[in-house]
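Remarks on the structure that follows.
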Amino acid sequence: MHYKKIYKKIPSIEKEYDNLKKDLEKHSLLKSKKNQYFKEDKEEFKKIWKRYISFFDKLKKLLKASWYRKFFFLINYNKLVLRKYLAHFYFKAILDLLKNFWKHEVYIRVFLDENFIKDYWFYAKYIYLSRYINIINTPKIFITPFKRYIDKDIYKLLDNLKELEFKNTINADYNNLFFYIKHRVDKFIFIISKYVWYFIAHTRFSTRKNWLIKKKNIDKYLEIAKPWDIFLSRGNWNATNISIPGFWKHMSMYLWTWKYLKENFKLKILDDLNDNYNYIIEANWDWIEIVNIYDFVKHNDYLWVSRTNFKKEKIHRSIKSALSHFWKWYDFIFNFYSDKRLVCSALVLKSYAKENNKDEWIDIELEKIGISLIYPPNNFIKKIIEESLKKNPSIEWVFFIDSLEKTWENFISNIYELLKSWKRSKLSIFLK
């Protein structure tokens, strides 16, 4: 492409970028004060990123066109200046993205990785090609002696070019390298963790073959059950109890009968269910699956049931959201931001996530354990305690099936024991 054609296209792409940058800066997803993001915001962010894809593709095309060829000692200095200007422009766009992402960078990178082939790194890595890094780091003073060979209008680009601040470029380079390595290491860790956790999940430190929850207590619960109840559960002597914080270890959602699901949700995944059973959906140590409630409690010694006081429309959307995750992998690296893989608490809480500003939702605070942000199921009891102090609680307790490990008793307990249960030892050996 002739250098004059490249030059003529610069104003339009600059204007496009200015509008794009303004829209991104005022986007509500970037203004979120918490580490939960609305469905509405995610959809809007997808639209903005598609515009970024268009912008970067156009800019890459101009950058490639500015690559000049050397014929012996001849150099196209006009294209050299254009290439330096465009490379700076490209890098500045990357720096602006990082600046706007700020505290949401971890989430946004995961979100883009899972939703776009042309994600953030797809474009960020392009500027690290040697030919562009070299020209970015070439001082303007090295080009000025050849001013007489350069078109006056194009030389003005060089005059107006501000050198990138070293501190900003170093921070961007560090972040880009760190997340590039982390993204690829996580893939490796996921494969290893999958087999490690699978082994741990099937290990018990007990010769007791039966779990404590009795069928008669489940039958009593089913008399008052509703298809949006949230379960907290625990099985004693499981090896996983050591690694998961707190007494309560698992979260799941009650779905009700096949008939109810079939009438309200037109999904093929429900065709194989038997109408004689009641079902829950859970993220176990393999994937997200729908399980008969009686099979579910065969592996548990305690069960607590809570219920949201949301509108019927919200409940319907929440169940539909939970069902949409069917057969997704369990998240063995415990990344709450991932929508591609989910842990048990993420499945439930994301199903009840806020879709827009006016929507009802379960408002929770994630907890940082190691390098991961997670929500331990045990924290949900604390949430109930908080809600019990409000006039109109969003969640309330419904049913508590308690047990005594040493005497192998199983019984229906009261709210007072429930509210104290989160303080119990996570290790089965210290339980009554």
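At a glance:
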read-out	value
Qualifying positions in the stretch 203-238 - modelled with pLDDT under 95, hydrophobic (A, V, I, L, M, F, W, C) and within 27 Å of the chain's Cα centre (by Cα)	Trp228
Neighbours by Cβ (under 6 Å, 6+ apart or cross-chain): first from the stretch 154-176, in the same structural domain as Ile136 (by TED's automatic domain parsing) and modelled with pLDDT of 90 or more; second of a type in the set (Lys, Arg) and not in a helix (DSSP H, G or I)	none
Flag for Thr308 being of a type in the set (Ser, Thr, Tyr) and surrounded by fewer than 20 Cβ atoms within 10 Å (Cβ to Cβ)	no
Matching residues in the stretch 112-138 - criterion: being assigned to a loop (DSSP other than H, G, I, E, B), in contact (Cβ under 8 Å) with a residue 24 or more places away in the chain and not hydroxyl-bearing (Ser, Thr, Tyr)	Phe116, Lys118
Criterion violated by Gly235 - all others in (1) within 20 Å of Ser372 (Cβ to Cβ); (2) surrounded by 21 or more Cβ atoms within 10 Å (Cβ to Cβ) satisfied	(1)
Members of the stretch 194-230 found to be outside any helix (DSSP H, G or I), over 26 Å from Tyr254 (Cβ atoms) and either touching a helix residue (DSSP H, G or I) at 6+ places or on another chain (Cβ under 9 Å) or among the acidic types (Asp, Glu) (or both), listed by number	Thr203, Phe205, Ser206
Candidate set from the stretch 266-286 (those that are modelled with pLDDT of 90 or more and not aliphatic (A, V, I, L, M)); member that is surrounded by the most Cβ atoms within 10 Å (Cβ to Cβ)	Tyr279
The lone exception for Val291 - which of (1) at pLDDT below 95; (2) more than 15 Å from Ile218 (Cα to Cα) it fails	(2)
Some residue of the stretch 137-147 being on the phi < 0 side of the Ramachandran plot and under 39 Å from the mean Cα position of the chain (by Cα)	yes
Residue match in the stretch 76-98 (condition: under 30 Å from Lys358 (Cβ atoms) and out of contact with any strand residue (DSSP E or B) (no Cβ under 8 Å at 6 or more places or on another chain))	yes
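The values are calculated or read from the model by the stated rules, or taken from the named source; none is laboratory data. Computed from a predicted structure; not experimentally measured. Ideal geometry is used to build each Cβ from the backbone, glycine not excepted, and the neighbour counts take in all protein chains shown.
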